[in-house]
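**Q** What follows is a structure written as structure tokens; I'll ask about it next.
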Amino acid sequence: MRKTIWTTLAVILIFLVWYLVADRKTPFTGNARVKAVATQIVPQVTGTVTEVLVENGQIVSAGDVLIRIDSRPYEIQRDKAEADLEEATQEVGASSAEVRAAQAKLARAQSDLDTMRIQTERVFALEKKGLIAVSKADDARGQLAESEANYENAKADLEKAKQRLGEDGIENPKIQRALAALADAELNLEWTELRAPATGVISNLLIAPGTYARSGQDLLTFLDATDVWIEAYFTENNLGRASIGSPVDVVLDMHPGKIVPGVIESFSAAVSSSGGDEPGQLASPPSTKGFLREPERFPVRIVLPGYEAGSTEDDLRFQLNGQADVIMYLSDNSLLNLVGRTYIRVVSILSYAY
């Protein structure tokens, strides 16, 4: 009997020591989710939706038109602005046709440049992290440079057209007001088409033609597929040995039985505590109940090399906020790493059932 008790205590002690060591060198969490940037598509102008060119769950490319708002009121505004500019230029004895054309060209070039900047910023961020090929980033730089050159050329053409009106004419306050009004009208007309900011997926589409779109109010949700990651929550004592680039294994509930290798991309420096702090007041720490306090968890951003951007050709599917299990390998201990890999394999098999 005494031998059984001592054996039991020894086994418990071994498991306790293993748990404490493994919690530092091969920490595991089931509190992890798939993340991507969810962007609310917000109209800049008000009007009735005349066309919805996408469906729920549809994959779209950067620049694709998603929705069209009734453009007739804004076409009228543009026509009126053109007429006002014509009237103003006639008063100073000049022609405005060339200025109108140059103004329209500049508005289009500005819109194209803004779209290209949004797209390339994501590519450059991935390049900085070493997650995409340099050639892809170089292509993005070339496209951005081309858009910037087109904008500068359009700007120069507009300046030339203004100069042909004559110095006295272009400085005329009426012409200045007419040019500003025309630029505003063309921009509003441009905004009647809502375009995809990047390659991604339409989610939770709840509108149809006839919906009244209000400026500044969300119209639909767009999921950016150019940057996908896993957000895993680990306790503070899990992270003492973790560093950027540390290897991990991930099991996605969407793909039971499959283990996907990943690396730590970044750490969050802070989390919101339940107590909360108010400016001008003393710090309010969260309350702790019981003998042991509840450990605080911090998000760790993990990327899966080869799957940083969602693609229909990948062998993995991603669902925003889909659940995952993650184990980190934070040492060169072969035994602990072997046990960790065996454990995550068991978890991947069990994920078939839950």
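The values are calculated or read from the model by the stated rules, or taken from the named source; none is laboratory data. This structure is a prediction, so every number in the text was calculated from the model and none was measured. Cβ placement follows ideal geometry from the backbone for every residue including glycine, while neighbour counts extend to all protein chains displayed. Just so you know, the surface numbers come from the protein's heavy atoms only, side chains and all, with ligands and any DNA or RNA stripped out. Shrake-Rupley method; radii C 1.70, N 1.55, O 1.52, S 1.80 Å.
**Q** Which number do you get for Rg(Cα) / (2.2 N^0.38 Å) in the chain?
**A** My calculation over the Cα atoms of the chain gives 1.42.
**Q** Computed from the mean reciprocal separation of all distinct C-alpha pairs, what Kirkwood hydrodynamic radius does the range 157-263 have, in Å?
**A** Averaging 1/r across every pair of different Cα atoms and inverting gives 20.6 Å.
**Q** Compute the projected area of the convex hull of the Cα atoms of the range 172-218, averaged over all viewing directions, and report it in nm² to one decimal place.
**A** Hull-based average projected area comes out at 5.1 nm².
**Q** What FRET efficiency would be calculated for the residue pair ALA208, LYS80, taking the C-beta separation as r and a Förster radius of 45 Å, to the nearest 0.05?
**A** 0.90
**Q** Quick one: helix 2-25 against the long Cα principal axis of the chain, what's the angle to the nearest 10°, folded into 0 to 90?
**A** Orientation of helix 2-25: about 20 degrees from the principal axis.
**Q** Then there's this: What ranking of SER111, SER61 comes out by heavy-atom accessible area, probe 1.4 Å, highest first?
**A** Result, largest first: SER61, SER111.
**Q** How many lysine pairs does the chain hold where the Cα atoms are under 20 Å apart and the two sit 8 or more places apart or on different chains?
**A** The result is 12.
**Q** Another one. Over the chain, what is the mean sequence separation of C-alpha contacts under 8 Å (at least six apart), divided by residue count, expressed as relative contact order in percent?
**A** Over the chain, the number comes to 30 percent.
**Q** In Å², and per residue, what accessible area does the chain have when probed at 1.4 Å with the other protein chains present?
**A** Per-residue value: 58 Å².
**Q** Taking R0 as 22 Å, what's the FRET efficiency between ARG117 and ASP184 from their Cβ-Cβ distance, rounded to 0.05?
**A** E between ARG117 and ASP184, to the nearest 0.05, is 0.55.
**Q** On to the next question. Label-point separation (nm) for THR8 and VAL42, each offset 7 Å from Cα along Cα-to-Cβ?
**A** Taking the simple label geometry, THR8 and VAL42 are separated by 6.3 nm.
**Q** Could you work out the relative contact order of the range 198-264? I mean the mean sequence separation of Cα pairs under 8 Å and 6+ apart, divided by the number of residues, in percent.
**A** 25
**Q** Continuing with this model, one more query. With axes computed from alpha carbons, what is the tilt in degrees of helix 72-91 against the longest principal axis of the chain, rounded to the nearest 10 within 0 to 90?
**A** Relative to the chain, helix 72-91 is tipped by roughly 40 degrees.
**Q** Quick one: what does P(r) look like for the range 193-243 with 5 Å bins over all Cα pairs, in whole %?
**A** Whole-percent P(r) values from 0 Å outward: 4, 13, 16, 17, 11, 8, 9, 8, 6, 4, 2, 0.
**Q** What do you get for Rg/Rh of the range 295-354 when both radii come from the Cα atoms and Rh is the Kirkwood radius?
**A** Rounded to two decimals, Rg/Rh equals 1.00.
**Q** Helix 334-350: angle to the longest alpha-carbon principal axis of the chain, degrees 0 to 90, nearest 10?
**A** That helix lies at roughly 70 degrees to the long axis.
**Q** Amide H of THR48: which non-local residues (sequence gap of 5 or more, or other chain) have their own amide H closer than 5 Å, using H built in the peptide plane?
**A** ASP70, ALA213
**Q** Something else about it: How much of the accessible area of the chain, in percent, comes from carbon and sulfur atoms when a 1.4 Å probe is used?
**A** With neighbouring chains kept in place, the figure for the chain is 53 percent.
**Q** Could you sort 213-219, 339-345, 327-333 so that the peptide with the highest average Cβ count within 10 Å comes first and the rest follow in order?
**A** 327-333, 339-345, 213-219
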